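K.L.:
This structure is in structure tokens; I'll ask about it shortly.
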Amino acid sequence: MKEQNPGKILIVDDNEDLLKAAKIFLKRHFYQVDTETNPGLLPILMVNEQYDVIMLDMNFTKDVSSGQEGFYWLDRILELDSSAVVVLITAYGDVNTAVRAIKEGATDFVLKPWENEKLLATLHAALQLRQSRMEISQLKDQQQQIFQDIDSKFKDIIGQSPSMVKVFETIERVAGTDANVLILGENGTGKELIARAIHRNSKRHREAFVGVDLGSITSSLFESELFGHKKGAFTDAKDDRIGRFEQANKGTLFLDEIGNLPLALQSKLLAALQNREVTKVGANKTVPINIRLISATNMPVHTMVYENKFRQDLLYRINTIEVTLPPLRERLEDIPLLADHFIEVYAKKYNKDIRKAGEALIKRMQKYHWPGNIRELQHSIERAVIMTTRGVLQPEDLFMQKHQTPEKQEDLVSLDHLNIEDVEKILIRKALQKHNGHITRAAEELGLTRSSLYRRLERYGL
């Protein structure tokens, strides 16, 4: 007699003769083999026992041949135990059904009547997969404990990719100082989260963190918003008001979208930073300020200096330390972590029983360009959570914008429906990719001046 495998097997099928035959054969090879004719008892069985492999019939009496009932119970099993290993069985199998079963979370697929040796080999492989999953789960728990301190320091920032580890290391080095920090990165990469993490880990963490979106402030309101005003200083000044600099006194001032600030206003900002004092609109007396400055932009400020669009002395003032955030397409290993995080957040918010994103969806997400970065991923997950009826998100649940893959942008424009702006954006993007973001070389290849290329970059949000 062969040595028993310590695995626990559950077989769910409405054919009692099949269950008896399977149990007689398998109990010689496995520690425990349980059988059940009613799939409705699966939740109770799984609560009372942790099975290593579940063999699940796809066609019960309510649904003889389509397999839909089997897919329903597959989904329920995975909701109850995310690491469950399920082998589907059916007498009406075909390639399409098998592919769908694997996509929806099944480990393997067998046809009945089966050959005993083939069935045994399938179950041994499934059991090894279960053991591997349990080991990975234990390792994740250990890793979570190891990184507990880091997680508490960088609350809300999700990522374990090498590029994000470098960002965390930079934050740890600079947070305890009063050095001014410039955060660079595309829209949606999480620049404000990084700014808040720096503040939270600084000596000023008990003081205010005040954020200002410079891109949304008009030139006429710039001084009033940042420096404050006196009552009667202008038509709508009905009361005295302190500006954002004073609000952030002894704390951190975060100037977002600083690259969008016009030159005339850059000089006023520079004066306040150099003198460490501000003057309210309509007042003569200066107010001393003590702030830690963090700025952020998605604009190429270093190149803008050479184009006379950004003051070099202001850039020197704000970027004692630079932190560059990678776009989501360059940190693909973080996508599963981000997806799980947002699924958990929105499943709770909308009271939905959704556990995770399926493997097929993760693969599709990792092939997508994510022009909107983490913000786009977040909104896509929220829509999917609201609209889906599944417990595990699948590719068809997630709506993505027209930019499907970074390497195939040219395929997105049909020759039957040419749009000059779409073509221009593709050419600009390809030129920048070819020259690794070097503006001068890209402009030369496109036959444009640097300033013309910058105008197009701004227009298209590239």
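The values are calculated or read from the model by the stated rules, or taken from the named source; none is laboratory data. Source: prediction; values computed, not measured. Ideal geometry is used to build each Cβ from the backbone, glycine not excepted, and the neighbour counts take in all protein chains shown. For the accessible areas, the whole protein counts, side chains as well, though only heavy atoms, and no ligand, DNA or RNA atoms are used. Shrake-Rupley method; radii C 1.70, N 1.55, O 1.52, S 1.80 Å.
K.L.:
Where residues in region 368-407 are surrounded by 15 or more Cβ atoms within 10 Å (Cβ to Cβ), of a type in the set (A, V, I, L, M, F, W, C) and in a loop (DSSP other than H, G, I, E, B), which of them is modelled with the lowest pLDDT?
P.N.:
This residue is Met400.
K.L.:
Could I ask something else about it? Could you list, in sequence order, all residues of region 96-129 that are over 22 Å from Arg76 (Cβ atoms) and among the acidic types (Asp, Glu)?
P.N.:
Selection gives Glu115, Glu117.
K.L.:
Taking Phe254 as the residue in question, decide whether it is touching a Gly at 6+ places or on another chain (Cβ under 9 Å), within 22 Å of Gly185 (Cβ to Cβ), open to solvent by less than 40 Å² (accessible area, probe 1.4 Å) and not aliphatic (A, V, I, L, M).
P.N.:
Judged against the criteria, Phe254 is a match.
K.L.:
Open to solvent by 30 Å² or more (accessible area, probe 1.4 Å), assigned to a strand (DSSP E or B) and modelled with pLDDT of 85 or more: is that true of Tyr31 in this structure?
P.N.:
Here the answer is yes, as Tyr31 does meet what is asked.
K.L.:
Of the residues that sit in region 161-187 and are in contact with a Pro (Cβ under 8 Å, 6 or more places away or on another chain) and polar (S, T, N, Q), which one is nearest to Val323 (Cα to Cα)?
P.N.:
It comes out as Ser163.
K.L.:
Exactly one of these conditions fails for Ala339: (1) in contact (Cβ under 8 Å) with a residue 60 or more places away in the chain; (2) touching a strand residue (DSSP E or B) at 6+ places or on another chain (Cβ under 7 Å); (3) crowded, with 19+ Cβ neighbours inside 10 Å. Give me its number.
P.N.:
With respect to (1) in contact (Cβ under 8 Å) with a residue 60 or more places away in the chain; (2) touching a strand residue (DSSP E or B) at 6+ places or on another chain (Cβ under 7 Å); (3) crowded, with 19+ Cβ neighbours inside 10 Å, Ala339 is out only on (1).
K.L.:
Continuing with the same structure: Can you find, within region 178-225, the residue that is surrounded by the most Cβ atoms within 10 Å (Cβ to Cβ) among those that are among the β-branched types (Val, Ile, Thr) and touching a residue at least 24 places away in the same chain (Cβ under 8 Å)?
P.N.:
Restricting to residues being among the β-branched types (Val, Ile, Thr) and touching a residue at least 24 places away in the same chain (Cβ under 8 Å), the top hit is Ile198.
K.L.:
A further question on this structure: Which of the residues spanning region 286-305 are free of Cβ contacts under 8 Å to residues at least 24 places away in the same chain, touching a helix residue (DSSP H, G or I) at 6+ places or on another chain (Cβ under 8 Å) and open to solvent by 50 Å² or more (accessible area, probe 1.4 Å)?
P.N.:
Thr286, His302
K.L.:
How many residues, within region 174-188, are farther than 30 Å from Leu377 by Cα and outside any loop (DSSP other than H, G, I, E, B)?
P.N.:
So the answer is 0.
K.L.:
So, Phe245, is that one assigned to a helix (DSSP H, G or I), touching a residue at least 24 places away in the same chain (Cβ under 8 Å) and open to solvent by less than 40 Å² (accessible area, probe 1.4 Å) or not?
P.N.:
yes
K.L.:
Sticking with this structure for a sec: Counting just the residues of region 440-462 that are under 32 Å from the mean Cα position of the chain (by Cα) and hydroxyl-bearing (Ser, Thr, Tyr), which one comes out most open to solvent (accessible area, probe 1.4 Å)?
P.N.:
Tyr460
K.L.:
Let me ask something additional. Given the conditions (1) open to solvent by 20 Å² or more (accessible area, probe 1.4 Å); (2) more than 30 Å from Pro262 (Cβ to Cβ), which single one is not true for Arg317?
P.N.:
The one condition Arg317 does not meet is (2).
K.L.:
Now for a separate question. Tell me which residues, restricted to region 40-65, are open to solvent by less than 20 Å² (accessible area, probe 1.4 Å), modelled with pLDDT under 90 and part of a helix (DSSP H, G or I).
P.N.:
Matches in region 40-65: none.
K.L.:
Do you know which of the residues in region 257-285 that are at pLDDT 90 or above and of a type in the set (S, T, N, Q) is least open to solvent (accessible area, probe 1.4 Å)?
P.N.:
Filtering region 257-285 for residues that are at pLDDT 90 or above and of a type in the set (S, T, N, Q), the one least open to solvent (accessible area, probe 1.4 Å) comes out as Gln266.
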